[in-house]
1. Setting aside same-chain residues fewer than 8 positions from residue 168, which lysines have a Cα under 19 Å from its Cα?
2. Using a 1.4 Å probe over the heavy atoms of the protein chains, calculate the carbon and sulfur portion of the accessible area of region 128-294 as a whole percent.
3. Could you calculate the contour length gain from residue 152 to residue 259, that is, 0.36 nm times the residue separation minus the distance between their Cα atoms, to one decimal place in nm?
4. Rounded to the nearest whole Å², what accessible area per residue is found for the chain with the 1.4 Å probe?
5. Of all beta bridges DSSP finds with both residues in the chain, what is the antiparallel percent, to the nearest 5?
6. Going 7 Å from the Cα of residue 323 along its beta-carbon direction, which residues of region 77-104 have the amide nitrogen within less than 14 Å of the resulting point?
7. Show the residues, 5+ positions off or on another chain, whose built amide H is closer than 5 Å to the amide H of residue 75.
8. Just want to confirm a number: the relative contact order over the chain, from Cα pairs under 8 angstrom separated by 6+ residues, in percent.
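The values are calculated or read from the model by the stated rules, or taken from the named source; none is laboratory data. What you see is a predicted model, and the numbers here were worked out from it, not measured in a lab. As a convention, Cβ positions derive from the backbone with ideal geometry for all residues, glycine included, and neighbour counts pool all protein chains shown. Each accessible area value is taken on the protein alone, full model and side chains, heavy atoms only, with ligands, DNA and RNA left out. Shrake-Rupley method; radii C 1.70, N 1.55, O 1.52, S 1.80 Å.
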Amino acid sequence: MIVLGIESSCDDTAAAVVAEGVLRSNIVATQLDHVLYGGVVPEVASRIHEQYIVPVVAQALASAAITIRELSGIAVTYGPGLAGALVVGLNFAKGLAQALHIPFIGVDHMEGHLWANFLKNPAANDGSPFICLLVSGGHTHLWRVEGVGQYTLLGRSLDDAAGEAFDKGARLLGLAYPGGPAIETAAREGNPQYVDFPRPMRGTEGCDFSFSGLKTALYYYLKRQSSTDIGNNLRHIAASYQLAVVDCLMDRLQRAVQLTGLSRVFVAGGVAANALLRHRLDRWAGSQKLTLSYPPLEFCTDNAAMIALAGSAHLAAGDRSSLDLEISPNLSLADRASRGHVRD
Ligand SMILES: Nc1ncnc2c1ncn2[C@@H]1O[C@H](COP(=O)(O)OP(=O)(O)OP(=O)(O)O)[C@@H](O)[C@H]1O
Ligand SMILES: [Mg+2]
């Protein structure tokens, strides 16, 4: 089965080809225009997706050395994400599937992030249950995963996502968008003990997260400092803030392992690219004899390879979307089964 994946939920226009479960090409056109605004502007994102989608798909096919007639299915993100951005990818996929008389499947973007773990490590997809920490720009979720399409929510952020905490924190610090990589770079050689930022929800019952108080603490801390002090100590402040976010993630993840007794831990989403988080995960998994997986860097942030792979699994299982599938900007992994999919 040769599947074209299409992703357009936010500010990356992406297409990829997966043939018999193996990634053949992966093209991501990141919309740099949003850097000017310090965040994603939905209207701008939709217009650029419209410009990029045809060349990006053509490039994905060419670099996979596949002709369009060889495709046996199309997988496309239909939520969650920005409405105007999702519409571009979904309608393109529907039109192409119609023209080629092949099936298409709507994929949950967050399920795609999770599946990014299997792109280079298919053996990890062995059917045994695991915990997945999904940490991205819009989501911070802890899932118990039993298999394809079987997800139970263990905890979620009650306010900002971890990636959002990085993005908003970076903006307060005068750093570039996206904030995660900017803070990570600024924090290099900084002293993470320099400011004692709060760790919201640490040690509490359940597995929920909260990051808005941390961002507010940074705001008030910066208000009390002179701009010279901030400039001189930027790396220390960034390192302290980064450590606080990572501490919160580790605390809740460790709690989920304790509560479920599961020993397989997967991490996915843009924040999974963070080197401090990876270091802490490695150390913890090693000491607790846990099986740990996170995707290679290029597959942590948005891409269509993860959508093509997740879609391939659904298509292989006989799942199909009908042409009346609509975008679902607030889609949650938990309600996948109830939306617009039929099984052959
Ligand atoms: N090295 C890093 N350290 C910390 N955060 C990072 C790093 N690299 C990327 N991020 C963060 O990851 C987020 C982008 O990830 P991703 O593309 O998965 O999110 P999204 O697609 O915008 O949101 P969602 O997947 O929830 O719809 C941004 O918030 C960015 O700051
Ligand atoms: Mg994403």
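1. 215, 223
2. With neighbouring chains kept in place, the figure for region 128-294 is 48 percent.
3. That works out to 37.2 nm of additional length.
4. 42
5. Here the share of antiparallel DSSP bridges comes out near 65 percent.
6. 91-104
7. The list, which skips near neighbours in sequence, is 4, 5, 6, 105.
8. It rounds to 24 percent for the chain.
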